[in-house]
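S.K.: Pasting in a structure now, in structure tokens, and then I'll have a few things to ask.
The values are calculated or read from the model by the stated rules, or taken from the named source; none is laboratory data. Only a predicted model underlies this, so the values are computations on that prediction, with no experimental measurement involved. Cβ sites come from the backbone with ideal geometry, for glycine too, and all protein chains shown count toward neighbours.
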């Protein structure tokens with residue numbers, strides 16, 4: 001299963017927040033089920049997010065601009081948090097991938 005293909009239904013039917021501040025807030029509240037960071041996410045942001053060992057982090061192989069495009073946005077998205085995957089099987093990527 002392709003990651004981008006799995007992300008699209010989550011964006012349409014699930015609950016997702018974009019950006020480092022909202023992602024970190026979801027991690028702190030314990031509502032983030034999966035965190036996605038762009039390959040070129042700044043180290044300082046990646047370090048803040050990865051401090052919480054309970055959050056599963058998946059690295060998106062594209063840039064933040066490419067992640068923004070996948071999300072249907074006209075701006076860069078360096079991080080996003082999936083709170084509810086909706087009708088997506090994206091959480092299946094948590095098995096065996098870090």
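S.K.: Which of the residues that make up segment 8-19 are within 11 Å of residue 84 (Cα to Cα) and in a strand (DSSP E or B)?
M.R.: The answer is 15, 16, 17.
S.K.: Of everything in segment 33-75, what is touching a strand residue (DSSP E or B) at 6+ places or on another chain (Cβ under 7 Å), free of Cβ contacts under 8 Å to residues at least 24 places away in the same chain and within 20 Å of residue 10 (Cβ to Cβ)? Give them in sequence order.
M.R.: 59
S.K.: Hey, another quick one. Please give the number of the condition residue 4 fails out of (1) at pLDDT 90 or above; (2) surrounded by fewer than 16 Cβ atoms within 10 Å (Cβ to Cβ); (3) not in a loop (DSSP other than H, G, I, E, B).
M.R.: (1)
S.K.: To continue, here is another question. Restricting attention to helices (runs of 4 or more DSSP H) lying wholly within segment 20-98, give those where 2 or more residues are more than 12 Å from the chain's Cα centre (by Cα) and loosely packed, with under 15 Cβ neighbours inside 10 Å.
M.R.: 20-29, 43-50
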